[in-house]
Structures are given as C-alpha cells and as structure tokens.
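J.: Just dropping this structure here.
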Amino acid sequence: MRGHRTTRTAALLCAALGLTAAVGTASAAPSASPPTARPGASPVLVDCLWHPKVRPAAFILACGDGNSRLASLKWDHWNATSAKATGVNVVNDCEPYCAAGTFHAYPVVVRLDKAQPWKKDPGTQRYDRIVLEYPAQRPEQFAKVMTYPLWD
C-alpha cells in the first residue's frame, strides 16, 4: 500500500512540476499581440479587440453582434491624414430578427481621417472617424453617406 502512495505522490509531483514549467514558459514568452506603429508612422485602425491594424482586408463595424462588417477592402491610400478603400459592407437585415436575418453585401467607399493619439498607446496615432459612402444600393435604413466615430 505504501509503495502505491509513493508512486501516486511522485506522479502528482511530476505533473505539478510539468504544469509549473509550462506556465512559467508561457508567461515568459513574448506577447503575440501585433506590434503598434512607431511614432511618426501612419495612423492605425483599432479593431474590436483593441489591436492596431494597417490596411486591413476586413473590419467589423458592429462589434457587439457582428451584424455589420467591411470585407474585401482594397486600400487606395493610407497616410498621416487619411485613408481610402473600396470594398463591401456586409449587413444583416435582421428580418424577422437578427438571429434569423440575412446578410447582404453593398459596395462601399471607406474613408478614414481625424488621426488622434490612441489612449492605449499615446505614441501611436489612430484614425478617429470612418465615413462610408454607398455608390449604388445601400441598406434600407442607411443614408448614402454614413459617418461614425471610431472607438479609442
């Protein structure tokens, strides 16, 4: 009986030491978060998870439920004062309600401007405003041009 306890105790100790080593190694590893822009670099677009992005191919506008997002973004320019892209705004019509709704894609021109220091990293400039312009069809409740502040 004593030998069984000793073996079990040794196994538990090895498992605990292995877990401690793995946790120590993981916490000592460098962060996997994307690097922030250098001072003087072009501004960033901050996403829903507070990650800085430069020229993203996609961007979620409705962070809470994902019912409006930008996709297939092709950037014409991205500089210290503004950025411009074309793509599609994929919007849920929420008919009869959002969980049962249908997503529709609308061509859109995206403009970013009003670069400001980012509260999370004041050395990084981030775009503060997004303007969506619908050159053709648009969601029923949307104007031809929609302007939104961006989160900080």
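The values are calculated or read from the model by the stated rules, or taken from the named source; none is laboratory data. Predicted, not measured: the structure shown is a model, and the values here were computed from it. In this analysis, Cβ positions are derived from the backbone assuming ideal geometry, glycine residues included, and neighbour counts consider all displayed protein chains.
J.: Tell me, please, whether a residue that is at positive phi and either in a loop (DSSP other than H, G, I, E, B) or acidic (Asp, Glu) (or both) can be found in the range 86-96.
T.: Scanning the range 86-96 turns up at least one residue that is at positive phi and either in a loop (DSSP other than H, G, I, E, B) or acidic (Asp, Glu) (or both).
J.: Looking for something on the phi > 0 side of the Ramachandran plot and in the same structural domain as residue 124 (by TED's automatic domain parsing) - is there at least one such residue anywhere in the range 70-82?
T.: yes
J.: Any idea which residue in the range 120-147 is surrounded by the fewest Cβ atoms within 10 Å (Cβ to Cβ), counting only those that are closer than 15 Å to residue 85 by Cβ and aromatic (Phe, Trp, Tyr)?
T.: 134
Here's the yes/no breakdown for (1) among the β-branched types (Val, Ile, Thr); (2) at pLDDT 95 or above:
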{"residue": "35", "(1), (2)": "no, no"}
{"residue": "44", "(1), (2)": "yes, yes"}
{"residue": "52", "(1), (2)": "no, yes"}
{"residue": "60", "(1), (2)": "yes, yes"}
{"residue": "63", "(1), (2)": "no, no"}
